[in-house]
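Structure record follows, encoded as structure tokens.
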Amino acid sequence: MRTNYLRSLADLDLFAGCAGRQLRVIDSSSTIVDVEPGRTLCREGEIGSEFFGIVAGAVTVRRDGRVLAALSNGDWFGEIALSSGSRRRIATVETAVPSRLLVFNGREFRQLIDACPLVEHRVAETVFPRLAACFGSRRMALA
């Protein structure tokens, strides 16, 4: 177990309020990855199979070449592909600076959600605003 790392997990908004047992599940079901700047983590239209939490660093989110968001420490992405039936990425995400990421594959993401319902709630709160940002709120209202 990465004890020092567990303490820092509890400081991330996504995991704030998770109990020690829940943090241990998060720790055991994830991989820590250090990524150089300019690396594409998700590509729009491709099948997605990972969920990412940004421990340190920053990423840029683009759709159709247009910047939608800049995410950094404590933010997350990849939940839409894992939560949707198509499993397709709706945006391209690229590291803007050297970044440390917490990565969960699909099975690990489900374990995370099962272990800490608070995480599921926080992730769910981001889905509709992100879809609206990608497709436009008017279009979402019609869908």
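The table that follows gives values for the structure above.
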{"read-out": "Residues (on the phi > 0 side of the Ramachandran plot, in contact with a strand residue (DSSP E or B) (Cβ under 8 Å, 6 or more places away or on another chain) and surrounded by fewer than 16 Cβ atoms within 10 Å (Cβ to Cβ)) located in the range 50-64", "value": "none"}
{"read-out": "Residue satisfying all of: in the range 83-97; of a type in the set (S, T, N, Q) and free of Cβ contacts under 8 Å to residues at least 12 places away in the same chain; least open to solvent (accessible area, probe 1.4 Å) among these", "value": "Ser84"}
{"read-out": "Residue list for the range 27-44, restricted to those being open to solvent by less than 20 Å² (accessible area, probe 1.4 Å) and of a type in the set (Asp, Glu)", "value": "Asp27"}
{"read-out": "Test set (1) modelled with pLDDT under 80; (2) open to solvent by 20 Å² or more (accessible area, probe 1.4 Å) - Leu9 fails condition number", "value": "(2)"}
{"read-out": "Complete set of residues in the range 99-122 that are of a type outside the set (A, V, I, L, M), within 24 Å of Thr40 (Cβ to Cβ) and either surrounded by 14 or more Cβ atoms within 10 Å (Cβ to Cβ) or under 13 Å from the mean Cα position of the chain (by Cα) (or both)", "value": "Ser99, Arg100, Phe104, Asn105, Gly106, Glu108, Phe109"}
{"read-out": "Number of the exception - Arg63 against (1) without any contact (Cβ under 8 Å) to a residue 60 or more places away in the chain; (2) within 22 Å of Val97 (Cα to Cα); (3) over 13 Å from the mean Cα position of the chain (by Cα)", "value": "(1)"}
{"read-out": "Set Ile80, Ile47: member being open to solvent by less than 40 Å² (accessible area, probe 1.4 Å), more than 19 Å from Ser99 (Cα to Cα), of a type in the set (A, V, I, L, M) and touching a residue at least 24 places away in the same chain (Cβ under 8 Å)", "value": "Ile80"}
{"read-out": "Positions within the range 65-77 being over 14 Å from Phe51 (Cβ atoms) and either modelled with pLDDT under 85 or open to solvent by less than 40 Å² (accessible area, probe 1.4 Å) (or both), in sequence order", "value": "Ala69, Gly74"}
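The values are calculated or read from the model by the stated rules, or taken from the named source; none is laboratory data. Bear in mind the structure is a predicted one, so any value in this text is a computation, not a measurement. For neighbour counting, all protein chains shown are included, and Cβ atoms are generated from backbone atoms with ideal geometry for every residue, glycine included. We work out accessible area using only protein heavy atoms, side chains counted, and drop any ligands, DNA or RNA first. Shrake-Rupley method; radii C 1.70, N 1.55, O 1.52, S 1.80 Å.
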